[in-house]
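What follows is a set of notes on a single structure, which appears directly below.
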Amino acid sequence: MTHSPLSPGSDSAPISPPLHIATLSCVRAGKAMPFTREQLSAINKIPVKQPVAINYMGLVSDEQADRRHHGGHLKAVHQMSTATYDRLNIEFGLKLGPGLLGENLTTTPVLGTDNLTEANVCIGDVYQYGDGESAVQLCIVQPRRPCYKINDQIGVTASHRNIASWITQQGLSGWYFKVVKEGVIDNGMPVYLIERPYPFATLQSLWQLTNSKEPIEASIIEPWLGIDCLEESWKKALIKKVRA
């Protein structure tokens, strides 16, 4: 079996030199505004048309209304695959576009590479956005957990199905980064995969394990518990799945 440059391999050899895998096609930020259920939300992310600084808490121009569940250094930046919107539109007969569900970054694959999706990005991956001293480096530390605000944002569909629940079942929530290197980010920047220490740890696999209805052998769970950067609540969820 062969792998594209983004496919998780069978070993953990360090990646060198960095792989140019995408272009940063859109940067988005939002402001906390009145939302449904008499609450505030910054789920609406608007394209940023000029360079914007990123510090350890994320884009300096971005806001989170619910700081209990959003934001913080382990949810500093959110990225979602454009393929998720394609699947949502097909499944629910919608016409959704990127940025509607709260993501900060959208990327476009370069020729010869795959679109970034939960099937080919891994916990611990470090991506570099841009070149030079001001380049930003971000590390994937956890998937996003979809909530009811996704349903409220999209609205009731003809099928009256729970879209947030479907996204969870499919594991299509996107991913959160922590900031490894602060800098400046802008539309059109090259995106490089510069580290992949845990090639087994795809987000797709993590969702499958944590949503398993059957107990799982400890030998399968143990490698995940050894991932230093994996956010702690996901480790706790995995421990609960271990066969007694």
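The numbers here are math on the coordinates, done by the rules we state, and not lab data. Keep in mind that this is a model prediction, so the values were computed, not measured. When we count neighbours, we look across all protein chains shown, and the Cβ atoms used for this are built from the backbone with ideal geometry, even at glycine.
At a Cα cut-off below 18 Å, give the aspartates and glutamates reachable from Lys49, other chains included and same-chain residues fewer than 8 away excluded.
Filter leaves Asp62, Glu63, Glu103, Asp186.
Using modelled amide H (1.01 Å from N, peptide plane; none on Pro or chain starts), what sits under 5 Å from the amide H of Gly102, excluding residues fewer than 5 places away?
Lys45
To make sure I understand the rule: partners must be lysines, Cα under 28 Å from the Cα of Lys213, and not fewer than 8 residues away in the same chain. Which ones qualify?
The qualifying lysines are Lys75, Lys149, Lys235, Lys236, Lys240, Lys241.
Just to be sure I follow the definition: excluding the sites themselves, where is the longest run in the chain that has none of the trypsin sites (Lys or Arg not before Pro) in a DSSP loop with at most 16 other Cβ atoms within 10 Å?
96-160
Looking at (1) 15.8; (2) 14.9; (3) 14.1, which value of mean projected area of the Cα convex hull in nm² comes from a calculation on the structure shown?
(3)
Show me the GluC sites (Glu not before Pro) within segment 145-244 that DSSP assigns to loop and that have at most 12 other Cβ atoms within 10 Å of their Cβ.
Filter output for segment 145-244: Glu217.
Mind listing the phi-derived Karplus ³J(HN,Hα) values for segment 225-237, rounded to whole Hz, using 6.51, -1.76 and 1.60 with θ = phi - 60°, and x for any glycine or proline?
In residue order, the calculated couplings are 5, x, 7, 4, 7, 5, 4, 4, 5, 6, 5, 5, 5 Hz.
Suppose every Lys and Arg Cβ carries +1 and every Asp and Glu Cβ carries -1, with no other charges. What dipole size does segment 19-198 come out with about its Cα centre, to the nearest 20 debye?
For segment 19-198, the charge dipole is close to 520 debye.
Run through segment 69-158 and list the GluC sites (Glu not before Pro) located in a DSSP loop whose Cβ has at most 11 other Cβ atoms within 10 Å.
Glu133
Once both labels are modelled 7 Å past Cα along the beta-carbon direction, what's the Leu94-Lys235 spacing in nm?
Placing both labels 7 Å along Cα→Cβ, they lie 3.4 nm apart.
Per 0.36 nm of contour for each residue apart, how much would the distance between Glu133 and Leu74 grow if the chain were fully extended, relative to their Cα-Cα spacing? List each step's numbers first, then the result.
Working: separation 59, 0.36 × 59 = 21.24 nm, distance 2.32 nm.
Gain on stretching Glu133 to Leu74: 18.9 nm.
Could you give me the ³J(HN,Hα) list for segment 167-180, computed from phi with Karplus coefficients 6.51, -1.76, 1.60 and θ = phi - 60°, whole Hz, x at Gly and Pro?
Once rounded to whole Hz, the list reads 4, 5, 4, 7, x, 10, 8, x, 9, 9, 10, 9, 8, 8.
For the chain, what does -39500 (n - 2.57) per DSSP helix run (n ≥ 4), summed and divided by total residues, give at 222 nm, in deg cm²/dmol to the nearest 500?
Rounded to the nearest 500, it is -5500 deg cm²/dmol.
Tell me, what HN-Hα J-couplings in whole Hz come from the Karplus equation 6.51 cos²θ - 1.76 cosθ + 1.60 at θ = phi - 60° for each residue of segment 45-50, using x for Gly and Pro?
Here the 3J(HN,Hα) series is 9, 9, x, 9, 9, 9 Hz.
Tell me which residues come under 5 Å, amide H to amide H, from Val242 once H is placed; ignore anything under 5 positions away on its chain.
Amide H neighbours of Val242: Ile216.
Run through the DSSP bridge list for segment 19-198 and note the antiparallel percent, rounded to the nearest 5.
Values: 35 of 36 bridges.
Of those bridges, close to 95 percent are antiparallel.
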